[in-house]
Amino acid sequence: MLKKLVLFDIDGTLLSVGRINRSVLGDALKEVYGTEGSTGTHNFAGKMDSVIMYEVLQSAGLSEDDITGKFELAKATYIEMFRDLAKPEDVTLMEGVRELLDELSVRSELMLGLLTGNFEESGRHKLRLPYIDHYFPFGAFADDAKSRNALPPVAVEKAYRITGRRFSDDDVIIIGDTEHDIACARAHNAKSIAVATGTYSAGELKKHKPDVVLENLCQTDLVISEILRTKIN
C-alpha cells in the first residue's frame, strides 16, 4: 500500500550538468532576443527555468512585456538546442543516486516523482542521459506553475491521477539541495530532506531549518529511514 510520495529535485540533487546548460540557454536567448543578458554569471540554483529567463533578460534592460512576447519561442528554442547538444558526458550523476533509486523503486509503500524548476522536456533529457528517467513516472515542472512553491499540489494531483491515492501533506517528502526546496516543502507542511550536493553546504542548509540535512545520498539505508520517519511538526 502506498504511504509516501517522494519528490526529487534534479540539478544539484540527482545530478549535475556541465557548462552546456548555461551556454545553451545563453545561445537560445541570444537567438530569440538578441542578448543573453546575465546568463553567464547568474545564480541558477533552486530557481525555475522560466524565472531564470526573465531575470537574466531583465538584467539586460528588457521589459517584462518584451520577454513575454517571445517567451514561448525562447523556451522551445532552448529545449530543442539542449536536446540536440547535451550528451551523456555532460551529466554527472551524484554519488549514491543510482543505488538509492534502485532501492526506492522496489518499495511498494513509496511513489517516486520529480519536483523541479526544469522545463519538462529539458529536465527529462538530463535524466535520460544517465539512464535514470524511468524511475520517475511523473513530475511537477516549470511548465506547470510560475513558482516552485506552487508545484507540490501539482505533484499530488498528478500522483492521484496515476494511483487513485490522494497523498496528504504529511505524506509528501521533498528532497533538494537549496533553500528554495526547503521553503517549498515548508509552504505545504511537507517533509524536507536537504542534501549538500549542490552549491549549498550542510551548514548553510541548516540555517533554513529543513527537517533533515544530509551531506549526500550515499547511505541508502539512512536516506530511506529518513524518508519513512514520521515528520515532527
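The values are calculated or read from the model by the stated rules, or taken from the named source; none is laboratory data. Computed from a predicted structure; not experimentally measured. So basically every Cβ, Gly included, is an ideal-geometry build from the backbone, and we count neighbours across all protein chains shown. In case anyone asks, the SASA skips ligands and DNA or RNA and just uses the protein heavy atoms, side chains included. Shrake-Rupley method; radii C 1.70, N 1.55, O 1.52, S 1.80 Å.
Only one of these is part of a helix (DSSP H, G or I) and of a type in the set (A, V, I, L, M, F, W, C): Ile182, Ile193, Ile174. Name it. The unique qualifying residue is Ile182.
The condition (being in contact with a helix residue (DSSP H, G or I) (Cβ under 6 Å, 6 or more places away or on another chain), within 24 Å of Ala190 (Cα to Cα) and either modelled with pLDDT under 95 or among the acidic types (Asp, Glu) (or both)) is satisfied by just one residue among Asp90, Asp143: Asp143.
Residues checked against (1) aliphatic (A, V, I, L, M); (2) farther than 18 Å from Asp90 by Cβ:
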site: Lys3; (1), (2): no, yes
site: Leu7; (1), (2): yes, yes
site: Leu14; (1), (2): yes, no
site: Ile20; (1), (2): yes, no
site: Val24; (1), (2): yes, no
site: Lys30; (1), (2): no, yes
site: Tyr54; (1), (2): no, yes
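Taken as a whole, the structure places Ser108 among residues that are more than 21 Å from the chain's Cα centre (by Cα), small (Gly, Ala, Ser) and closer than 30 Å to Pro137 by Cα.
Please work out which residue is nearest to the chain's Cα centre (by Cα), limiting yourself to region 46-63 and to residues that are within 22 Å of Thr197 (Cα to Cα) and assigned to a helix (DSSP H, G or I). Give the steps one after another, and end with the answer.
Initial filter on region 46-63 (within 22 Å of Thr197 (Cα to Cα)): 46-49, 52.
From the residues that got through so far, the ones that are assigned to a helix (DSSP H, G or I) too are 49, 52.
On the way: Asp49: 10, Ile52: 14 Å.
Filtering region 46-63 for residues that are within 22 Å of Thr197 (Cα to Cα) and assigned to a helix (DSSP H, G or I), the one nearest to the chain's Cα centre (by Cα) comes out as Asp49.
Within region 148-170, the set of residues being surrounded by fewer than 24 Cβ atoms within 10 Å (Cβ to Cβ), more than 22 Å from Glu109 (Cα to Cα) and touching a His at 6+ places or on another chain (Cβ under 9 Å) comprises Asn149 only.
Among the residues of region 133-147, the one identified as in contact (Cβ under 8 Å) with a residue 24 or more places away in the chain, outside any loop (DSSP other than H, G, I, E, B) and open to solvent by 10 Å² or more (accessible area, probe 1.4 Å) is Tyr135. Within region 171-217, can you find the residues that are on the phi < 0 side of the Ramachandran plot, open to solvent by 40 Å² or more (accessible area, probe 1.4 Å) and of a type in the set (D, E, K, R)? Within region 171-217, Glu179, Arg186, Glu204, Lys206, Lys207, Asp211, Glu215 meet the criteria.
Set side by side, the residues Glu64, Glu103, Glu99, Glu121 differ, and just one is open to solvent by 50 Å² or more (accessible area, probe 1.4 Å), out of contact with any helix residue (DSSP H, G or I) (no Cβ under 6 Å at 6 or more places or on another chain) and not basic (Lys, Arg), which is Glu64.
Checked against the criterion of being of a type in the set (Gly, Ala, Ser) and closer than 16 Å to Ile10 by Cβ, the candidates Ser59, Ser50, Ser38, Ser63 yield just one match: Ser50.
Applying the set (1) buried (at least 20 other Cβ atoms within 10 Å of the Cβ); (2) in a loop (DSSP other than H, G, I, E, B); (3) among the hydroxyl-bearing types (Ser, Thr, Tyr) to Tyr78 leaves exactly one unmet item: (2).
Tell me, which residue of region 219-233 that is under 21 Å from Val106 (Cβ atoms), open to solvent by 50 Å² or more (accessible area, probe 1.4 Å) and not polar (S, T, N, Q) is modelled with the lowest pLDDT? Only one residue fits best here, namely Arg229.
Of everything in region 2-45, what is among the polar types (S, T, N, Q), surrounded by 18 or more Cβ atoms within 10 Å (Cβ to Cβ), assigned to a loop (DSSP other than H, G, I, E, B) and modelled with pLDDT of 90 or more? Give them in sequence order. Listed by number, the list holds a single entry, Thr13. Just to be sure, is Pro130 closer than 24 Å to Arg107 by Cβ, assigned to a loop (DSSP other than H, G, I, E, B) and open to solvent by 20 Å² or more (accessible area, probe 1.4 Å)? Judged against the criteria, Pro130 is not a match.
What are the residues in region 215-233 that are within 18 Å of Leu112 (Cβ to Cβ) and under 17 Å from the mean Cα position of the chain (by Cα), if any? Residue satisfying the conditions is Leu217 alone.
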